[in-house]
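Remarks on the structure that follows.
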Ligand SMILES: [Zn+2]
């Protein structure tokens, strides 16, 4: 899953209007923010296998620390707890922890059975990536609904609130199209370096969101 995770982060703004979109995207993408770092450190591994699923050519054969269910629960707890300690915002902390967990659930739906329940444990996955129409529809639906909810709960305070936000949305859309249609990277090192670009979305979303205000009265 790619753009769908961002859709869930956008939607979550409605649940916790005081939380920055940057924090929401950080939580929803947390597992994929860790993953390239673990790849570069040699702790986790992936290989390029064209055709392994219809949509994605990657064999995620070893990523227990970033993408196993039990580790995800720990990461969710850690992200929620740190947010609570920094912001003293209980609701926001719960939403962020749930967003970390939502990443695993959406990846479980997308991936072939390569998602470990625990490090070394059985691997699961529903394999949405074996169908182009289903993959594209689910991602577009999640992103579209998330965008619609976010736009319904915030409005731009100034030009930055408009342009920074829409340029980020354009970047996400382009990143998604690139992931779908560009040829696979020559090696996994390049893949990891490219995946590090996801970190950019966090300060960008924080910046755009700081120039928007909540439309809710509560
Ligand atoms: Zn992931």
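The values are calculated or read from the model by the stated rules, or taken from the named source; none is laboratory data. Worth saying up front: this structure is predicted, and the values here are computed from it rather than measured. So basically every Cβ, Gly included, is an ideal-geometry build from the backbone, and we count neighbours across all protein chains shown.
Results, tabulated for the structure shown:
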item: Verdict on residue 86 being assigned to a helix (DSSP H, G or I), over 17 Å from residue 2 (Cα atoms) and in contact (Cβ under 8 Å) with a residue 24 or more places away in the chain; result: no
item: Conditions (1) in contact with a helix residue (DSSP H, G or I) (Cβ under 7 Å, 6 or more places away or on another chain); (2) surrounded by 15 or more Cβ atoms within 10 Å (Cβ to Cβ); (3) assigned to a helix (DSSP H, G or I): number failed by residue 185; result: (3)
item: Criterion violated by residue 23 - all others in (1) surrounded by 23 or more Cβ atoms within 10 Å (Cβ to Cβ); (2) in contact with a helix residue (DSSP H, G or I) (Cβ under 6 Å, 6 or more places away or on another chain) satisfied; result: (2)
item: Qualifying residue in the range 81-91 (condition: away from the ligand (no atom under 13 Å from the Cβ) and buried (at least 22 other Cβ atoms within 10 Å of the Cβ)); result: yes
item: Single condition residue 11 does not satisfy, out of (1) within 20 Å of residue 193 (Cβ to Cβ); (2) more than 16 Å from the ligand (Cβ to nearest atom); (3) buried (at least 22 other Cβ atoms within 10 Å of the Cβ); result: (1)
item: Scope the range 26-47; condition over 11 Å from residue 62 (Cα atoms), in contact with a helix residue (DSSP H, G or I) (Cβ under 8 Å, 6 or more places away or on another chain) and part of a helix (DSSP H, G or I); matching residues; result: 26, 27, 28, 30, 31, 32, 33, 34, 36, 37, 40
item: Any hit, the range 206-215, residues being in a loop (DSSP other than H, G, I, E, B) and either surrounded by 15 or more Cβ atoms within 10 Å (Cβ to Cβ) or free of Cβ contacts under 8 Å to residues at least 12 places away in the same chain (or both); result: yes
item: So residue 17, is it assigned to a loop (DSSP other than H, G, I, E, B), touching a residue at least 12 places away in the same chain (Cβ under 8 Å) and closer than 22 Å to residue 206 by Cα; result: yes
item: Single residue of the range 124-141 satisfying the filter (over 16 Å from the mean Cα position of the chain (by Cα) and within 30 Å of residue 83 (Cβ to Cβ)) that is surrounded by the most Cβ atoms within 10 Å (Cβ to Cβ); result: 128
item: Count - residues of the range 109-127 that are within 14 Å of the ligand (Cβ to nearest atom) and touching a residue at least 24 places away in the same chain (Cβ under 8 Å); result: 7
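One line per residue, one yes/no per condition, for (1) in contact with a strand residue (DSSP E or B) (Cβ under 7 Å, 6 or more places away or on another chain); (2) farther than 25 Å from residue 13 by Cβ; (3) at pLDDT below 95:
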residue: 115; (1), (2), (3): yes, yes, no
residue: 142; (1), (2), (3): no, no, no
residue: 145; (1), (2), (3): no, no, no
residue: 156; (1), (2), (3): yes, no, no
residue: 168; (1), (2), (3): no, no, no
residue: 179; (1), (2), (3): no, no, yes
residue: 187; (1), (2), (3): no, yes, yes
residue: 217; (1), (2), (3): no, no, yes
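Residue-wise test of (1) in a helix (DSSP H, G or I); (2) modelled with pLDDT under 95; (3) under 21 Å from residue 32 (Cα atoms).
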residue: 76; (1), (2), (3): yes, no, yes
residue: 81; (1), (2), (3): yes, no, yes
residue: 108; (1), (2), (3): yes, no, yes
residue: 119; (1), (2), (3): no, no, yes
residue: 161; (1), (2), (3): yes, no, no
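Results for (1) within 12 Å of the ligand (Cβ to nearest atom); (2) closer than 21 Å to residue 141 by Cα; (3) at pLDDT below 95; (4) surrounded by fewer than 19 Cβ atoms within 10 Å (Cβ to Cβ), shown as yes or no for each residue.
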{"residue": "27", "(1), (2), (3), (4)": "no, yes, no, no"}
{"residue": "33", "(1), (2), (3), (4)": "yes, no, no, no"}
{"residue": "43", "(1), (2), (3), (4)": "no, no, no, yes"}
{"residue": "46", "(1), (2), (3), (4)": "yes, no, no, no"}
{"residue": "49", "(1), (2), (3), (4)": "no, no, yes, yes"}
{"residue": "59", "(1), (2), (3), (4)": "no, no, no, yes"}
{"residue": "67", "(1), (2), (3), (4)": "yes, no, no, no"}
{"residue": "73", "(1), (2), (3), (4)": "no, no, no, yes"}
